[in-house]
Ligand SMILES: [Zn+2]
């Protein structure tokens, strides 16, 4: 029987809690002086910088 090596490596990453791994977050789009919200747009998640992974440090 072949024994399979178990790699004791740390898990490389956790899913980013902000964007839930998508790397994108919904951002409100406002225009004009009244800051009227005209809709939402996908923006880069600044927590993980679009990687979808939670920062480990
Ligand atoms: Zn993120």
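The values are calculated or read from the model by the stated rules, or taken from the named source; none is laboratory data. These figures come from a predicted structure and were not determined experimentally. Cβ coordinates were reconstructed from backbone atoms using ideal geometry, including for glycine residues, and neighbour counts include every protein chain displayed.
Within the option set 3, 56, being more than 11 Å from the ligand (Cβ to nearest atom), modelled with pLDDT under 85, assigned to a loop (DSSP other than H, G, I, E, B) and touching a strand residue (DSSP E or B) at 6+ places or on another chain (Cβ under 9 Å) holds for one residue only, 56.
Scanning segment 15-35 for residues that are modelled with pLDDT under 90 and in contact with a strand residue (DSSP E or B) (Cβ under 6 Å, 6 or more places away or on another chain) yields 27, 28, 29, 30, 31.
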